[in-house]
Amino acid sequence: TPNKEQQSNPISRFRNYLKINTAHPTPNYTAAVNYLIAFAATIPTLKTQTLYLTTPDKPLLLITYPGSNPTLPAILFNSHLDSVPAEPSKWLHNPFSAHHSTDGKIYARGAQDDKCIGMQYLEAIKSLKKSNLNYTPLRTVHISYVPDEEIGGFNGMAKFVESKEFKELNIGFVLDEGQASVNDEFRVFYADRSPWHLVIKAEGEPGHGSRMFDNSAMENMMKSVEVVMKFRENQFDLVKAGVAMNSEVVSANPVFFKAGIETPSGFVMNMQPSEVMAGFDVRLPPTVDPDLMRRRIVEEWAPAWRNMTYEITEKGPLRDYMGRPLMTATNDSNPWWSVFKQAIEESGGKLSRPEILPSTTDARFMRQLGIPTLGFSPMKNTPILLHDHNEFLKDSVYLEGIQIYEHIIRALSSFDGASFT
Ligand SMILES: CSCC[C@H](NC=O)C(=O)O
Ligand SMILES: [Zn+2]
Ligand SMILES: [Zn+2]
């Protein structure tokens, strides 16, 4: 009969975390936080604290591994509690059963994004304490579990970084989630692209469906759509030609069109509507000047002379408190970078060239405060399945990740920073 240790091992603990459904729109944050608190309680010296920065159904869990010199800036390891929804009928296995296949794959929503890292942080500390009894961190290590990253983080990390509790942590460096790598090198991210939700609206002359006339709302909108799609093609051509990576160009993807006069029996066919709307998901790399982009939108995408209006909703900051683009240095000017990189190398791993993340994470809120923040999830030789059907992570990749974090946590938390605090 299996003993207790065999029943509860890193893989079973990961699978149990994955079985807690924290998918939007109804994430069970309370269950996830209770589970993490119970696991943290099995690791000596860890302290836990639950913060409620908005409503009681959106807890934020903070776990602390105290360092011997609390005056030094601390290290923060962040992960989000939530995940995007899943369509179970389109999966091979139920996305909330954490099915473990005979070839080692663990299928679950959140397996890659990002419940793996949330559990790996704790497993790494557990393992570090077991294998290295004398190890005490110099710097304090904090682990945060935040709600709502997938819907923008406005009631999660955005509130946390503004809190008195966060300021008191005196964070010097942050690791947050990254993305899987399809080859043998780990990926690391020094910036995100900023999302803009752009809605453009065209107005024009209504009229009988049989009439040809200038300036209908539809015609005005179609002209804009052509302009946006041409811009998109030019940006995408840079990627296809190998001149830039996907995350280094501006993406502008149409996500909705709203037009026509709809009745219970369908769209009215013989009326040309007086109003049309289209929505675009626009992503700006930190290297792009947002004012130039705004001018392009006013002058070319939604020009008033074509009877168009627009609304841009910026989903987060573009610049830090000093007005600088939200980028973390990945060279010797950033001592944390050097310590991080060396830890990866000492663990036997290799890093590929630092990248900009194509999407957005909570890292932007910490970079806004000027805190160096890198995106990193130790998943190599793994297909990129975040937000996809059949998201999975191999057990061996998960376990290797725990060892990588042991190296990272030890290196960062023992970094004395000599001339640097
Ligand atoms: C509007 S902010 C949304 C944040 C989201 N993050 C993960 O996918 C993203 O779309 O990048
Ligand atoms: Zn994520
Ligand atoms: Zn995500």
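Contact annotation: residue pairs with Cβ atoms under 9 Å, 6 or more positions apart or on different chains, pairing a residue in the stretch 336-352 that is closer than 20 Å to Ile371 by Cα with a partner that is among the acidic types (Asp, Glu), are Ser338/Asp332.
Note on the stretch 91-119: among residues that are under 17 Å from the mean Cα position of the chain (by Cα) and not charged (D, E, K, R), the one that is surrounded by the most Cβ atoms within 10 Å (Cβ to Cβ) is Gly110.
I'm trying to understand the selection: among the residues of the stretch 387-401, which are within 14 Å of ligand 2 (Cβ to nearest atom) and either aromatic (Phe, Trp, Tyr) or surrounded by 19 or more Cβ atoms within 10 Å (Cβ to Cβ) (or both)?
The answer is Glu391, Leu393.
Every test in (1) modelled with pLDDT of 95 or more; (2) touching a Phe, Trp or Tyr at 6+ places or on another chain (Cβ under 8 Å) is passed by Pro27 save one, and that test is (2). Of the strands (runs of 3 or more DSSP E) lying entirely inside the stretch 253-364, the ones with 2 or more residues being more than 27 Å from Ala202 (Cβ to Cβ) are found at 355-357.
When the test is whether a residue is charged (D, E, K, R), more than 26 Å from Ile75 (Cα to Cα) and more than 16 Å from ligand 1 (Cβ to nearest atom), Arg353 does not pass it. Here is a check on your reading of the model: is Met293 hydrophobic (A, V, I, L, M, F, W, C), closer than 20 Å to Phe256 by Cβ and under 29 Å from the mean Cα position of the chain (by Cα)? When the stated conditions are applied, Met293 does not pass them.
Looking only at the stretch 33-44, decide whether some residue is in contact (Cβ under 8 Å) with a residue 24 or more places away in the chain, surrounded by 11 or more Cβ atoms within 10 Å (Cβ to Cβ) and among the hydroxyl-bearing types (Ser, Thr, Tyr). Yes, there is a match, as at least one residue in the stretch 33-44 is in contact (Cβ under 8 Å) with a residue 24 or more places away in the chain, surrounded by 11 or more Cβ atoms within 10 Å (Cβ to Cβ) and among the hydroxyl-bearing types (Ser, Thr, Tyr). Considering the stretch 61-94, and only residues there that are outside any loop (DSSP other than H, G, I, E, B) and either modelled with pLDDT under 95 or in contact with an Asp or Glu (Cβ under 9 Å, 6 or more places away or on another chain) (or both), the residue that is farthest from Tyr145 (Cα to Cα) turns out to be Ser83.
When Phe365 is tested against (1) on the phi < 0 side of the Ramachandran plot; (2) surrounded by fewer than 20 Cβ atoms within 10 Å (Cβ to Cβ), only condition (2) is not met.
Would you mind stating whether Leu369 is touching a strand residue (DSSP E or B) at 6+ places or on another chain (Cβ under 9 Å), within 16 Å of ligand 1 (Cβ to nearest atom), touching a residue at least 12 places away in the same chain (Cβ under 8 Å) and not polar (S, T, N, Q)? In short, no. Residue-level analysis places Ser97 outside the set of residues that are assigned to a strand (DSSP E or B) and in contact (Cβ under 8 Å) with a residue 60 or more places away in the chain. Please enumerate the residues belonging to the stretch 45-90 that are polar (S, T, N, Q) and over 20 Å from the mean Cα position of the chain (by Cα). Hits for the stretch 45-90 are Thr45, Thr48, Gln49, Thr50, Thr54, Thr55, Thr64, Ser68, Asn69, Thr71, Ser89. With respect to the stated conditions, Phe189 fails to be in contact with a Phe, Trp or Tyr (Cβ under 6 Å, 6 or more places away or on another chain) and either small (Gly, Ala, Ser) or surrounded by 22 or more Cβ atoms within 10 Å (Cβ to Cβ) (or both).
In the stretch 137-184, which residues are crowded, with 18+ Cβ neighbours inside 10 Å, away from ligand 1 (no atom under 16 Å from the Cβ) and among the β-branched types (Val, Ile, Thr)? Answer for the stretch 137-184, where residues must be crowded, with 18+ Cβ neighbours inside 10 Å, away from ligand 1 (no atom under 16 Å from the Cβ) and among the β-branched types (Val, Ile, Thr): Thr140, Val141, Ile143, Ile171, Val174. Taking the criterion of being out of contact with any Ser or Thr (no Cβ under 9 Å at 6 or more places or on another chain) and assigned to a helix (DSSP H, G or I), the residues of the stretch 376-399 that qualify are Asp395, Ser396, Tyr398, Leu399.
Of all residues in the stretch 95-140, those satisfying the criterion of being of a type in the set (A, V, I, L, M, F, W, C) and either more than 16 Å from ligand 2 (Cβ to nearest atom) or at pLDDT below 95 (or both) are Phe96, Ala98, Ile106, Leu122, Ala124, Ile125, Leu128, Leu133, Leu138.
Checking each residue in the stretch 11-57 for being among the aromatic types (Phe, Trp, Tyr) and under 23 Å from Glu391 (Cα atoms) picks out Phe14, Tyr17, Tyr29, Tyr35. With the structure loaded, tell me whether Gly178 is closer than 28 Å to Glu355 by Cβ, touching a Pro at 6+ places or on another chain (Cβ under 6 Å) and of a type outside the set (Lys, Arg) or whether it fails that test. Against the criterion (closer than 28 Å to Glu355 by Cβ, touching a Pro at 6+ places or on another chain (Cβ under 6 Å) and of a type outside the set (Lys, Arg)), Gly178 does not qualify.
Looking at the structure I just gave you, is Pro354 assigned by TED's automatic domain parsing to the domain that holds Leu76, of a type outside the set (S, T, N, Q) and more than 15 Å from ligand 2 (Cβ to nearest atom)? The answer is yes for Pro354.
Can Gly242 be described as of a type outside the set (A, V, I, L, M, F, W, C), under 29 Å from Phe189 (Cβ atoms) and part of a loop (DSSP other than H, G, I, E, B)? Yes.
Gly323 falls short on exactly one of the conditions (1) surrounded by 14 or more Cβ atoms within 10 Å (Cβ to Cβ); (2) small (Gly, Ala, Ser); (3) within 30 Å of Phe173 (Cβ to Cβ), and that condition is (1).
The values are calculated or read from the model by the stated rules, or taken from the named source; none is laboratory data. Here the structure is a predicted model, which means the values were calculated and not measured. Ideal geometry is used to build each Cβ from the backbone, glycine not excepted, and the neighbour counts take in all protein chains shown.
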